[in-house]
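The values are calculated or read from the model by the stated rules, or taken from the named source; none is laboratory data. This structure is a prediction, so every number in the text was calculated from the model and none was measured. Because the Cβ atoms are built from the backbone with ideal geometry, glycine has one as well, and the counts that use them run over all protein chains shown. Accessible surface areas use protein heavy atoms only, side chains included; no ligands, DNA or RNA. Shrake-Rupley method; radii C 1.70, N 1.55, O 1.52, S 1.80 Å.
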Amino acid sequence: MKANKLNRRRFLQVSGMAGAMLAVGFDSLAFGSDKSTLKMIMPEDLINGIQINPYVTISESGEVTIMAHVPELGQGIFQGIPAIIAEELGVTMEQVTIVKASASRKYGRQSIGGSRSVRSMFMPMRQLGAATREVLVQAAAKQWGVDASNCEVKEGVVYKKGSKDALPYGDLVASAAKLELPKKPTLKNKADFNIIGKATHRPDLVGKVNGSADYGIDAQTEGLLYATIERCPTLQGTVTSYDADAAKSVKGVIEVMEVTRTVYGKKNTGIAVVAETYYAATEGRKKLSAEWDNAEFSQISTESINTDMAQLAQEKGLEHFEKGDFEASKGQRGASSDIKVKTSHYRLPHVAHSCMEPMNATVHVREDNTVEVWAPSQSPQVQRQFARQLGIPDNQAEEKIKVHLPFLGGGFGRRSMNDSLEECFQISKALRKPVKLIWSREDDTTQGPFRQTSFHRMTMSFNSDNRIGLQHKVVSPAITTQSRPSNGRVPFEVMEAINTHYDFDDISVRYSEYKNQIPIHWWRSVFGSTNAFPHESFIDEMAFELKVDPLQFRKTKLKSEPRFIKVLEKLEEQSNWNEKLGENEGKGVAIVESFGSIVAHAVFLKRENGKVSMPKVVSVVDCGIYVNPDQVIAQTEGNIIYGLTAALKDAITFKNGAAQEANFDTYRMLRMNEAPRDIQVHLMENNEAPGGVGEPGLPPIAPALANAVFDLSGKRMRILPFDLQKI
Amino acid sequence: MASYKLNINSKEYTIEAEPQTPLLWAIRDEVGLTGTKYGCGIAQCGACTVHLNGNPVRSCSLPVSAIVGQSITTIEGLSEDNSHPVQKAWLDVQAPQCGYCQSGQIMSASALLEKNPSPSDEDIDQAMSGNVCRCGTYHRIRKAIHLASKEISNESK
Ligand code: FES
Ligand code: FES
C-alpha cells in the first residue's frame, strides 16, 4: 500500500450514545452547485432529519441528533449537555446521536472555563429540551384533536392518555418544527429524572481507546504545510537578527516569516518556519540562529520576584473582607501580655498548564477569502476576529469562515487564549495554503502564560478571653489587571477559595498586587489553587496551637454552615478519621469552597523503609445537583493528581527573564508510581443548584497534603513545591 | 530524502522521508495514522508509544531509518472493533478524560499484559511510569489493567 498524502480523507465522527462510533468519510472540500466556489462541509451539513432548534434534529424515522456545542477537553461535556437536553426531551440516551457542533453564534456562547458549563447551562438546556418536547406534544394533540394535557411522553413517543394511541417523534417532527417553541415550558421534577444523576458511559471515549478521536493536532487536509515558531526566551524581547536563508536551505522548508501573538495586550514576536513536513520545519528552525534584544527583561528572576512579594506582604494592602477588628484583637504589635500572635509566610511559584496536547492550530485561508479553521480552543468562536482581518463584514463571517471544534487534549484554562490560532492565521493568510502550527513541548512550557506566583502573610491572634483573630494577606499578580491599572480595587478573581465563613471573632483579608512582565493566565482553579494552600494550612496551624484535632476544629468553627458540616461529617466517617494511625503514618484534612462547590480531602501518608508514600486520598464533594456522578468522580480524581503535581513536582523558575524548565525531564509530572493507589470520592446528595466540578477538587489537595506531612513529621511545609522524600 | 518501507499494523507502507525523521511523524503525517500522539519529543511522556516487534517504544525518539523491516503496531492496529481486552477494560472503568495520552497508555499496558498477564501493582508502576497523564487517570488505568488481566486469564482457561 502506498501512503498517499492526497488521498487522506477526513473523518467526521458521529458517536451514538450506545457507544458505537460510526465514521462517515468525506472530503472537506466539495464543489458547490455552480462548480466555482468551494463549499466546506461541516458536521451540521451531514445530519439527517428536521431541525427543531439549533441543538435538536429528529429524522422521520425517529433518529434524534443533539449537538455537543461546547468543546470537550476531558470534562465529559460532549455528553453532559446533550444529556440534559435529552432528559427534558423525553428520550433515552440510546436513542440519541451526539454530533460535535462547529462554531456558530446560533449556539450562543461556546466558550468553556471557570467550571461554568453545567452551572450556567443546566436551566437553559433543560428549558430547551422541554420546549422541544412540548412542540412535539402539541403536534400530536392537534392530530388527535385533544388538549396537550391529555398527552404524555415516554422514550420518544407521545401517548394519548387512556387510550392505545401513540405517535413517535419521527411522525411528529415535520409539523412540530413549524410551531413556535414555548418560552416557559414545564420542567420535569427531579424525582422523574431518568438520565440526570445517573452514571452513563461517555460515547466520546470509544474514539479515545482506538485512536480515532480527532484532536486539533490531528487535523488533516489536502496540501497541508507544517509550521514551528522560534520564540524569544524572555517572551517579550524584540528580534534583532535571524538567518532565514539558512533555514530555507533545509530541504522541504518553504517559508520563514515573523509572526506575533497577543498576550494581554503585548505583542510577542516569533519567527515561523513553514515546511512540507513537521520534521523539516523543526530542522529549519534549528538553523535560524535568532538573536533577541532582552535587555528590558534580563533583571527578572525568581529570587527577585520572591523578595519583592515578601516586601509587599508587609504593606497594609487593599481591604477585601473585614469582620470585627483584627488589628485591635491582635493588640498593637502583640505587645499586650495576654495576647498570643503568630505569623507564618507561605509562597507558591509560577507553574505551567502543560496540556498533554501541546498548543497547536490548523488554518486554511484560501485565495477566495474563505477560511477553514480547526480550533483546539476553549473559546472557539473566532470568526469575527478573523473576518475583520480579511475585510469580511461581520454578517458574512460565519458563511465565509468555518470553524471545527476538535476534541481538546486538555485545556486547564490555557486554551482560553487563542494565541496559537492567531499565529497560524497569519501564516496561512500570507501563504494562502493550509497550515498546521505545532508548538513544541519546550515552547508550551517556557512561553506561558503561566499560573500566577503568590506570597501570603498569615497571622493568628488569641486572647485570654478566647477571642480568635485571623488575617490572610495575599500578594500576587492579577490576571485581569495585567495590561491596565487596577485603580485601587481588588481584582475580582484574586480572592477565590478564601473561606471567610470560619467563625472567628476577627477576620481580615487583604490584597496587594504585585506587577511584573511575566504573563499569567487562568489555570485550573486559578486563585483557588494558590489561596487555599496557605489558608487551609494555617487553619491547621491554629488548631495545633489550640491543641484541637484539625477536623474537629473545622467542624466547630464552621458550625453555622450546614453544607460544610455535612461534608466534614461524611469525610470523618468515610476516611475513618478518628481511628488512631500507626507511628509512621500521618493524615491531613482541608475543606474549600470554590466555583460553587464544596470539596474536602483527607490525605494519608506512610513512611516505610525511609520512603514516604501516599497510599490513600478520601474526598467528599458537594456540588449540588450533578449530571453524571462518574464524571464528578473522574474530575475530582483528576484535580487531585493535577494539584499534587503542582505541590510536589517542579516550579517554573526564571533567570534573566527566561523560564528555566522546558520539557518533562526538568518540568516533571506526577506519574503512576507516585499517584495514590486508593482514591475514594464520595458525593453529597441534595437539591442545591449545580456547582462547578472541573476545578473545586483542586484547591484543598495541597493543604490536605501539607497538613498530613505535619502530622507525620512535625514539619510545616509553607513553600510549594516540596519533595515528599525530603520531609 | 529516501524511500522507506514500513510494516505497520500488518500492512506495508512506502514513504519518502529524511532518514532522521522520527517514526512518530512518519506514522502520523506520512501514513496518516493519527492515533499515536506527540507530547514531548524526548521519550519522557509516552504519548507516542507504539509496539516495535511487540515491545513498547517511544516513536518520537526513533529515526525512521532505524526501524525498516521491523513490525510496528499502533493503537489503530490493536483490534478492529475495540475488542482488545485492554480497550474493553478501559471503557468499562471509563478511564480516559481528555484521552490524549490514552493511546500511549493502552500500548504500554497491552505490551505489559502480553509479557505478564497478571501484573502486580509494582509491575504496573514499573511498566506504566513512562506514560504521563496530565488529566490524572492513573487510578482508573491501574483498575483497568487489573480488569483486563482478569479477562485475559479467564480467556486462557
Ligand atoms: S512524545 Fe514520545 S515520549 Fe513524549
Ligand atoms: S486523559 Fe488527558 S492526558 Fe491522560
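Things worth noting here:
- Among the residues of the range A:379-404, those that are under 30 Å from B:Ser103 (Cβ atoms) and open to solvent by 10 Å² or more (accessible area, probe 1.4 Å) comprise A:Ser379, A:Gln381, A:Lys402, A:His404.
- When residues in the range A:650-665 are screened for being in contact (Cβ under 8 Å) with a residue 60 or more places away in the chain and within 11 Å of another protein chain (Cβ to nearest Cβ), 3 of them pass.
- Meets criteria (open to solvent by less than 20 Å² (accessible area, probe 1.4 Å) and within 14 Å of chain B (Cβ to nearest Cβ)) for A:Leu571: no
- Restricting the range A:222-252 to residues that are within 12 Å of another protein chain (Cβ to nearest Cβ) and of a type in the set (Val, Ile, Thr), the residue that is nearest to B:Ala89 (Cα to Cα): A:Thr228
- Taking the range B:74-157 and the helices (runs of 4 or more DSSP H) fully enclosed by it, the elements with 3 or more residues that are more than 10 Å from chain A (Cβ to nearest Cβ) and either modelled with pLDDT of 95 or more or buried (at least 22 other Cβ atoms within 10 Å of the Cβ) (or both) are at B:102-115, B:138-155.
- Entry remark, the range B:1-57: residues being open to solvent by less than 10 Å² (accessible area, probe 1.4 Å), more than 7 Å from chain A (Cβ to nearest Cβ) and either more than 24 Å from B:Gly130 (Cβ to Cβ) or not in a loop (DSSP other than H, G, I, E, B) (or both) number 10 in total.
- Of all the numbered requirements in (1) over 26 Å from A:Thr653 (Cβ atoms); (2) polar (S, T, N, Q); (3) outside the structural domain of A:Thr228 (by TED's automatic domain parsing), A:Gln314 misses one, and that requirement is (1).
- Qualifying residue in the range A:94-107 (condition: closer than 17 Å to A:Leu181 by Cβ and within 30 Å of the chain's Cα centre (by Cα)): yes
- Just one of (1) outside the structural domain of A:Leu720 (by TED's automatic domain parsing); (2) open to solvent by 10 Å² or more (accessible area, probe 1.4 Å) fails for A:Glu496. It is (1).
- Residue check, B:Ala95 closer than 27 Å to B:Asn154 by Cα, within 16 Å of ligand 2 (Cβ to nearest atom) and out of contact with any Asp or Glu (no Cβ under 8 Å at 6 or more places or on another chain): yes
- B:Val68 aliphatic (A, V, I, L, M), in contact (Cβ under 8 Å) with a residue 24 or more places away in the chain, open to solvent by 40 Å² or more (accessible area, probe 1.4 Å) and away from ligand 1 (no atom under 16 Å from the Cβ): yes
- Extreme residue, surrounded by the fewest Cβ atoms within 10 Å (Cβ to Cβ), among residues of the range A:348-364 that are within 14 Å of another protein chain (Cβ to nearest Cβ) and more than 16 Å from ligand 2 (Cβ to nearest atom): A:Val351
- The set of residues in the range A:115-129 that are open to solvent by 30 Å² or more (accessible area, probe 1.4 Å) and small (Gly, Ala, Ser) contains only A:Ser120.
- The set of residues in the range A:628-679 being in a loop (DSSP other than H, G, I, E, B) and under 14 Å from A:Val693 (Cα atoms) consists of A:Asn628 alone.
- Here A:Ser560 meets each of (1) part of a loop (DSSP other than H, G, I, E, B); (2) under 23 Å from the mean Cα position of the chain (by Cα); (3) more than 15 Å from A:Val351 (Cα to Cα) with one exception, condition (2).
- Among the residues of the range B:102-121, those that are more than 16 Å from ligand 1 (Cβ to nearest atom) and closer than 13 Å to B:His146 by Cβ comprise B:Leu112, B:Leu113, B:Asn116, B:Pro117, B:Ser118, B:Pro119, B:Ser120, B:Asp121.
- Residues being open to solvent by less than 20 Å² (accessible area, probe 1.4 Å) and either basic (Lys, Arg) or assigned to a helix (DSSP H, G or I) (or both) - total across the range A:680-723: 9
- Check on A:Thr446, within 14 Å of another protein chain (Cβ to nearest Cβ), away from ligand 2 (no atom under 16 Å from the Cβ) and open to solvent by 10 Å² or more (accessible area, probe 1.4 Å): yes
- Looking across A:Tyr215, A:Tyr278, one residue alone is within 28 Å of the chain's Cα centre (by Cα), buried (at least 18 other Cβ atoms within 10 Å of the Cβ) and not β-branched (Val, Ile, Thr). It is A:Tyr215.
- Out of A:Ser613, A:Ser594, one residue alone is open to solvent by less than 10 Å² (accessible area, probe 1.4 Å) and not acidic (Asp, Glu). It is A:Ser594.
- Every residue from the range A:365-375 that is open to solvent by 10 Å² or more (accessible area, probe 1.4 Å), in contact with a helix residue (DSSP H, G or I) (Cβ under 6 Å, 6 or more places away or on another chain) and either more than 30 Å from B:Cys133 (Cβ to Cβ) or part of a loop (DSSP other than H, G, I, E, B) (or both): A:Thr370
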